[in-house]
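Chemist: The structure under discussion is supplied below as structure tokens; questions concerning it will follow.
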Amino acid sequence: MKEEVIKLLNSAGVERQMAESLLEIPPDSAMGDFAFPCFKLAGVLRKSPAQIAKELEGKLKLSKGIEKVVAVGPYLNFFVNKGKRVAEVLERISKEKEKFGSGVRGKGKTITIDFSQPNIMKPFNIAHLRSTMIGNALSRILNYDSYKVIRINHLGDWGTQFGKMMYAYEAWGNKTELLKDPMHYMTNLYVRFHKEAEMDPSLEDRGREWFAKLEQGDKTARAYWELFSKLSLKYYNKTYTRLGITFDSWAGEAFYEPMLKDTIAFLQKKRIVKKSEGALIVDLEQYGITPCIIQKSDGSTIYATRDLAAAMYRAKTYNFYKNLYVVDVRQSLHFQQVFKTLDLAGFPWAKDCIHLPFGTMKFEEGVMSTRKGIIIFLEDVLDKVVDMVKEIIKEKNPKLKNKDKIAEQIGLGAVVFWDLSNDRVNDIIFDWKRVLDFEGDTAPYVQYTHARACAILRKAKAGKADYSLLKEAEEIALVKALGRLPDVVQKSAEEYKPHHIAKYLLDVCHLFNEFYHKHQVLVEDEELKMARLSLVLATKQVLANGLYLLGIKAPEEM
Ligand code: ARG
């Protein structure tokens, strides 16, 4: 339809490119389906925009798809033929099915996306959950737009905290106990270390010494590192499997360790490294950023050094079009330092490194901090929500088959959607009750609407239909919304923001439920019934596609 409008404008003398870039969709459909603003042309033609709109209105010949063109002030508004539009959208969905909404903008381009990144020896916390969910959704969305997506889990598996843990384990640890419940055990050791170090600060030095041993390749230290890593990965993998998340690369911080010497030497050769109080830094004062430290005064490297090496490695290995980092907003400065350093080192791709920040998720219990021992274990959150769903099912639909599987899909979906329906940069409060509200702006609401569509389709099968019978306002509004999926996916991909899709799904659900309450689907009139069934089928498809992109399951029954 847009193409038809562009052609019309073009035949009236408006350049194709201009028409394409300026055409808008008015917020209120009473103002038309497309609007062409005439301000730009006014500059070229030296007439008022309103005058131009009027002239175009007179010049345009209407086509089959475009019913009406009206000049309103500086705008030229187009009204498309409703029947034609309905048919176009529904035919396209029934043809493209699970591909409806996908694009081809990423053909031939690779995007690396760094997400999840838990810190070995520590439980998977809610910040990691946020990164995981957002990263997973973005990977799917970008992939849908034909990008080749490389999902990287940049594990936090190197750093002084390992030294602390090794000290703690040597001093107070016990292998049998460790193996019983590794994550809780390691967390407790870590908390104990910090408590004791408050009384005896020399413990910090002991930790540093252990870490230095690890860096120098000491056998005992290395063996501990391997043990702690192995146990942690086994535990993370349980959560990933549960959430249906996979990675293409597990290259974490330790992976870059052998490259750090060269990385530092390289930066020195570029003459951007300075000595400062025994440490090596890249001075960024000129850019209003505090210095990027690449080596501490004791000779050890830090987080930033490993990120510099990682970015260079990714550029070389994947030749990325964009290199994304889904990481807590509190690390913004870190990424500014790293990206600016890469820029100063002369890498043209530094501009393609993008930090995608997200805010904190807060619980009634307060924000967590592993050091203080206020920890919310992610599995506990997920289990609690799933248990709540089981209760609801028991009460509302006790005869449901596969209860446990569906409870899991709804519970996880609820947590994921709660996160993804907010603009990622915002802080969110996790509200146990509201995430599960079947009538709220939640996954269960979307999933329930999808299941309702499935239930209708189980009663009567959709088939060949005469779409022109769909004339009711609610039907047209719903079709219009369904037709928007490709644009919404594009917007999400361009802004790296999944919430556009989440919000869109809620809109579709509202419109579907309005339609469903006002009009019967399984009517006597066989033709009308088929037309309405095709609308239900298209709605089900769009909801399933959208949920898939967010990483949420769409059960057919619930
Ligand atoms: N492991 C880090 C943390 O939990 C996040 C790593 C983010 N990714 C990166 N390339 N720096 O804070």
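The values are calculated or read from the model by the stated rules, or taken from the named source; none is laboratory data. None of these values were measured; they are calculated from a predicted model. Note that each Cβ is placed from the backbone with ideal geometry, even for glycine, and that neighbours are counted across all protein chains shown. Accessible surface is based on the protein model in full, side chains and every heavy atom, while ligands, DNA and RNA are left aside. Shrake-Rupley method; radii C 1.70, N 1.55, O 1.52, S 1.80 Å.
Chemist: Considering only the chain, what is the antiparallel percent among its DSSP beta bridges, to the nearest 5?
Modeler: Percent antiparallel among DSSP bridges in the chain is about 50.
Chemist: While we're here: Using the Cα atoms of the stretch 226-286, I'd like the radius of gyration and the largest Cα-Cα distance, Dmax, both in angstrom.
Modeler: Final numbers for Rg and Dmax: 18.3, 48 Å.
Chemist: Mind checking the angle between helix 332-344 and the chain's longest principal axis? C-alpha axes, 0 to 90 degrees, to the nearest 10.
Modeler: 90
Chemist: Within a Cβ distance under 14 Å of SER332, other residues only, what is the Lys/Arg minus Asp/Glu net charge?
Modeler: Counting the neighbours of SER332, the net charge comes to +1.
Chemist: Taking only DSSP H segments of four or more residues, each worth -39500 (n - 2.57), what value at 222 nm results for the chain once the sum is divided by all its residues, to the nearest 500 deg cm²/dmol?
Modeler: Roughly -18000 deg cm²/dmol at 222 nm, from the helical runs in the chain.
Chemist: Using a 1.4 Å probe on the protein heavy atoms, what percent of the accessible area of the chain belongs to carbon and sulfur?
Modeler: The computed percentage sits at 50.
Chemist: What is the chain's relative contact order, in percent, from Cα pairs under 8 angstrom and six or more apart in sequence?
Modeler: It comes to 16 percent, rounded to a whole number.
Chemist: Within the stretch 256-289, which trypsin sites (Lys or Arg not before Pro) sit in a loop by DSSP and count at most 11 neighbouring Cβ atoms inside 10 Å?
Modeler: Those satisfying the criteria are ARG271.
Chemist: Round to the nearest 10 and give me the degree value, 0 to 90, for the angle of helix 443-459's Cα axis relative to the longest principal axis of the chain.
Modeler: Helix 443-459 sits at roughly 50 degrees to that axis.
Chemist: Over the chain, give the accessible area per residue in Å² for a 1.4 Å probe, as an integer.
Modeler: 47
Chemist: Return the distance in nm (one decimal) between the two label points of a simple spin-label model at LYS461 and LEU179, each offset 7 Å from Cα along Cα→Cβ.
Modeler: A separation of 5.7 nm, rounded to one decimal place.
Chemist: So, counting K/R as plus one and D/E as minus one, what does the shell of residues with Cβ under 11 Å around ASN188 add up to?
Modeler: 0
Chemist: How much length would be gained if the chain were fully extended between GLU198 and LYS351, taking 0.36 nm per residue of separation minus their Cα-Cα distance, in nm to one decimal?
Modeler: Contour length minus the Cα-Cα distance gives 50.8 nm.
Chemist: For the stretch 415-548, what are Rg and Dmax over the alpha carbons, in angstrom?
Modeler: Spelled out, the Cα radius of gyration and Dmax of the stretch 415-548 are 15.8, 51 Å.
Chemist: Could you calculate the contour length gain from GLN216 to VAL329, that is, 0.36 nm times the residue separation minus the distance between their Cα atoms, to one decimal place in nm?
Modeler: Between GLN216 and VAL329, full extension yields 37.4 nm more.
Chemist: A follow-up question, please. Quick one: length gained pulling LYS433 to LYS95 fully straight, 0.36 nm per residue minus the C-alpha distance?
Modeler: Gain in length upon complete extension: 117.7 nm.
Chemist: Greater than 24 Å separation of Cα atoms is the criterion. Which listed pairs, LYS230/LYS553; LYS213/LYS296; LYS459/LYS553; LYS40/LYS480, meet it?
Modeler: Cα-Cα > 24 Å for LYS230/LYS553; LYS40/LYS480; rest within.
Chemist: For the stretch 469-558, which chymotrypsin sites (Phe, Trp or Tyr not before Pro) are both in a DSSP coil and crowded by at most 13 other Cβ atoms within 10 Å?
Modeler: none
Chemist: Taking 45 Å as R0, compute the FRET efficiency from the Cβ-Cβ separation of ARG105 and HIS517 and round it to 0.05.
Modeler: Taking R0 as 45 Å, the efficiency between ARG105 and HIS517 is 0.75.
Chemist: So, one more: Taking 20 °C and 1.002 mPa s as the conditions, I'd like the Stokes-Einstein D for the stretch 401-493 in µm²/s, using the Kirkwood hydrodynamic radius from alpha carbon pairs.
Modeler: Answer, rounded: 133 µm²/s.
Chemist: Can you give the translational diffusion coefficient of the stretch 130-270 in µm²/s, computed by Stokes-Einstein from the Kirkwood radius over Cα pairs at 10 °C and 1.306 mPa s?
Modeler: It diffuses with D of about 91 µm²/s by this estimate.
Chemist: Now a separate question. Per residue and in cubic angstrom, what volume does the convex hull of the Cα atoms of the chain have?
Modeler: Each residue corresponds to 182 Å³ of Cα convex hull volume.
Chemist: What does the charge count around ARG130 come to, taking other residues whose C-beta lies under 15 Å from its C-beta (Lys +1, Arg +1, Asp -1, Glu -1)?
Modeler: -1
Chemist: Let me make sure I get this right: for the stretch 456-498, a, b and c are the square roots of the gyration tensor eigenvalues over alpha carbons, sorted descending. Under 1.5 in a/c it's rounded, otherwise prolate if a/b > b/c, else oblate. Which is it?
Modeler: prolate
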